[in-house]
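A short worksheet on the structure shown next.
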Amino acid sequence: RWYDEAVRYAENLPEQLDEADVINYSDELVNILLANETVISIEDCRKIILSLYKKSGDIYSKNKMNLAEKYKFIWKEYFPEVINIYDDEFLTKFKKLYSKTFGDNKEYSDRSIAGILTRIGILCGRGEYKIKPKTLISDELLIEICDYIDSSEKEIFITNTIFNLFEDKLRSEGINNKYYMQGVLHASLPNKYFFKRDYVSKSKEATSLYAEITKFVCQSDSPVTKAQ
């Protein structure tokens, strides 16, 4: 019975552990079993825990981690703040930490690393990313923004315009700038709209703001100001 209890404990541990985690969890398991009048050494508890893991560099993983999962571990462990994934200093530090942690000395290009980080992260500023949160945006607000876009006669929308229209509601959900909003919309609706740096389009053909601006000027009954 004590062994089954130990295995159940190990099964509920995180997917990845470092050496310090293994020591702490082994010690905790010793105390749990001791409370049930079972005396087991910390080394035996360690063996039970690690029977469910494989080692990759300095990290123990329940499953074999792919490259994206390894990158995500480094990102979460060492870069809690927003990062610029194209910054040379960041990329140099990231590669050193990755190599040290996983014992992988392959030469991964900056471009390939940035490409993976953009997939597991989300745009939240000008060139800035953070790890994609579990909840990007509420269903209610996402539906409201989609209704606005879908019901409009326009085919293309300046990102800043959408953000300004829904700014209060977006900020209440932690989405505090147009880049982050665009990143959230793109991640939530990857196949519904077409996204470029400064605009969102309903149509693949509507890829230039020039036509929209020209149309607006031509339909105006008076001179058009820059602000308009």
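Results, tabulated for the structure shown:
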{"read-out": "Accessible surface, the stretch 129-228, averaged per residue in Å² (probe 1.4 Å)", "value": "66 Å²"}
{"read-out": "For VAL30, net neighbour charge (Lys/Arg +1, Asp/Glu -1) across residues whose Cβ lies under 14 Å away", "value": "-4"}
{"read-out": "Per-residue ³J(HN,Hα) for the stretch 102-116, Karplus 6.51 cos²θ - 1.76 cosθ + 1.60, θ = phi - 60°, Hz, x for Gly and Pro", "value": "10, x, 10, 9, 5, 8, 8, 6, 4, 5, 5, 5, 4, x, 5"}
{"read-out": "Distance cut-off 20 Å, percentage of C-alpha pairs in the stretch 30-129 lying past it", "value": "49 percent"}
{"read-out": "Residue-averaged 222 nm ellipticity for the chain, from DSSP H runs of 4+ at -39500 (n - 2.57), nearest 500", "value": "-16000 deg cm²/dmol"}
{"read-out": "Nearest-10 value in Å² for the accessible area of ILE120, using the 1.4 Å probe", "value": "30 Å²"}
{"read-out": "Structure-derived Cα Rg over 2.2 N^0.38 Å - corresponding label in [x] 1.31; [y] 1.00; [z] 1.44", "value": "[z]"}
{"read-out": "On Cα atoms only, tilt of 139-151 relative to the major axis of the chain in degrees", "value": "30 degrees"}
{"read-out": "The chain - percent of accessible surface contributed by carbon and sulfur, probe 1.4 Å", "value": "50 percent"}
{"read-out": "Angle in degrees between helix 19-35 and the longest Cα principal axis of the chain, rounded to the nearest 10", "value": "60 degrees"}
{"read-out": "Solvent-accessible area per residue, Å², over the stretch 1-128 with all protein chains present [probe radius 1.4 Å]", "value": "62 Å²"}
{"read-out": "Accessible surface ranking that places the most exposed of GLU77, GLU167, GLU205 first, with a 1.4 angstrom probe", "value": "GLU205, GLU77, GLU167"}
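The values are calculated or read from the model by the stated rules, or taken from the named source; none is laboratory data. Remember, predicted model here, so these are calculated numbers, not experimental data. When we count neighbours, we look across all protein chains shown, and the Cβ atoms used for this are built from the backbone with ideal geometry, even at glycine. To get the accessible areas, we keep the full protein, side chains included, count just its heavy atoms, and leave off ligands, DNA and RNA. Shrake-Rupley method; radii C 1.70, N 1.55, O 1.52, S 1.80 Å.
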